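The values are calculated or read from the model by the stated rules, or taken from the named source; none is laboratory data. Everything numeric here is computed off the predicted structure, so don't read it as measured data. Cβ: placed from backbone, ideal geometry, glycine included. Neighbour counts: every protein chain shown. What goes into the accessible areas is simple: the full protein's heavy atoms, side chains included, and nothing from ligands, DNA or RNA. Shrake-Rupley method; radii C 1.70, N 1.55, O 1.52, S 1.80 Å.
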Amino acid sequence: MLSLSLVVSTPTVAHRVLSQEKFVKMPGFEYRLIGKFLVAGTFLLIAGSALASGASIVGSTSALSDLHRAEVLNLIPTTSVASDDLVAKGFNGDIRLDSITLNFSWSPAPKVAKTAAEVYAAANTPDTANRATQSSPIVQPDLIAMLDPDSRFKAMTWSGLNCYGKTANLSRMPDSGIEGDSSSGQEGLRFGRATDPLDPARIVFAFNVHASDPLTAGAKRCEALAPANAATAIPRGQHFWYAFRLLLWRGAEAQTGRALLTQWHTYGFNPFFGLVIKDGHLSFTVRHPPEAAGRQSKPTTLEVWRDSQPAQRVWMTFVVKAKISPFAHDNPYLQIWRDGEAIVDRQGPMGYDDPGLAYAKIGYYHWLNDNPWDDRLPQRSVYVSKAMLVRDEGNRLTEQQLRQWVNAR
């Protein structure tokens, strides 16, 4: 058994940190995970002399990124301290953590061959034992789309992004996300993985919009979307669930204007479902055209819930169950829970009489038409730990199952 000590020494605590993985490649054995740490920036290099003779250091961003698909074993803590320390060094100039020392033991074992596809599929298969407690758990075929900071962008089914003047596909983006202007003191990261500001041990997605940012599709926005295609579109006329965990960090206190934190949309129409922040309060709205008036009628907009308390800097888990149709004879409905408490139970039409596919978006969206931006608050920030769309053709799933899954680490 080889005992190692890893020391991270840097001067100050970073505002934004990312969880990255350090790998050591031992000749003749599999890649082994020797630790996870909260560090700012992208990846770390491991340097030192505590490795066995002939061992090599894996030290490039691309190599470390590829190793997400390699088989790894669980970390084994130990109190042993090796005589030679391993020193982790950042190579992008953004490390600002207090000095910490973490100790590990590592025991090599013969390599068990697995394909990258097998390993990655296993790593991204839901743990139904932990994430569902009922007899009808969520299974992989139920998933329509999922936004998960623990998955690489290339594997993300919630794969679209509108942010910082870019309309991008996450599968073609670097895992570091999108950086923007930080010259005036605002957060440089616009979209990407960041530490949870309320739980430094957890990694989440950050969505940041600044007043000076370039417009994206004519608005100030940073949103991830599940594309409107046959695989990831919102079902119509079928039971489905939408669950997400969200933290509104900056912008709730704006005194002018409104913003959407999540929305369901059809091209060519206003959103027919949305979570709105206005005057410091959250609300849900729905839209539908009156049946008798036909497709070209002015939509009816309904506020189906408004929080009587001002929005706080706390994580909220919303679970939505719905069946979408603009026609009452299809028995459409909308049910919403916040942190396990039912807040909406509505029977009635929702959506438009249009064949276009509907899609979901989450993040921060401030439109400009008759919607002024409060210049006293130049930056708006939203964090999302997970978002998921789940079909439920058998109408068998429960709110608790969705909530447990989206809350799982």
Give the accessible surface of segment 164-311 per residue, rounded to a whole number of Å², with probe radius 1.4 Å and ligands, DNA and RNA excluded.
-> 40 Å²
Given H placed on each backbone N at 1.01 Å, which residues far from residue 344 in sequence or on other chains put an amide H within less than 5 Å of it?
-> 336
HN-Hα J couplings of segment 137-152 from phi, Karplus 6.51/-1.76/1.60, θ = phi - 60°, integer Hz, Gly and Pro as x?
-> x, 6, 10, 3, x, 6, 6, 8, 7, 8, 10, 9, x, 7, 9, 6
Residues of segment 355-394: accessible area per residue at 1.4 Å, in Å²?
-> 37 Å²
Quick one: if the Förster radius is 35 Å, what FRET efficiency do residue 300 and residue 181 give, using the C-beta to C-beta distance and rounding to 0.05?
-> 0.30
Whole-Hz Karplus couplings 3J(HN,Hα) for segment 270-278, θ = phi - 60° and coefficients 6.51, -1.76, 1.60, Gly and Pro as x, run 5, x, 9, 7, x, 9, 10, 10, 8
With a/c under 1.5 counting as rounded, go ahead and sort segment 203-275 into rounded, prolate or oblate using the C-alpha gyration tensor (a ≥ b ≥ c being the square roots of the eigenvalues; past the cut-off, prolate if a/b is larger than b/c, else oblate).
-> prolate
Give 154/278; 298/386; 220/386 a once-over and call out the pairs whose C-alpha atoms are over 29 Å from each other.
-> 154/278; 298/386
Global form of segment 279-350, assessed from the alpha-carbon gyration tensor, a/c cut-off 1.5 = oblate
Rounded to one decimal in nm, the spacing of the 7 Å Cα→Cβ label points at residue 307 and residue 375 is 2.9 nm
Rounded to one decimal in nm, the spacing of the 7 Å Cα→Cβ label points at residue 201 and residue 327 is 5.3 nm
Round to a whole number: what % of the accessible area of segment 267-409 belongs to carbon and sulfur, probe 1.4 Å?
-> 46 percent
Diffing segment 343-360: the Karplus 3J(HN,Hα) column from phi (6.51, -1.76, 1.60, θ = phi - 60°), in whole Hz with x for Gly and Pro, holds 10, 9, 9, 10, 9, x, x, 7, x, 10, 7, 8, x, x, 6, 9, 9, 9
Classify segment 335-409 as rounded, prolate or oblate from the Cα gyration tensor: take a ≥ b ≥ c as the square roots of its eigenvalues, call it rounded if a/c is under 1.5, otherwise prolate when a/b beats b/c and oblate if not.
-> oblate
In whole angstrom, note down how far apart the Cα centers of segment 298-346 and segment 170-225 are.
-> 27 Å
What order, most packed first, do the peptides 377-387, 333-343 have when packing is the mean number of other Cβ atoms within 10 Å of each residue?
-> 377-387, 333-343
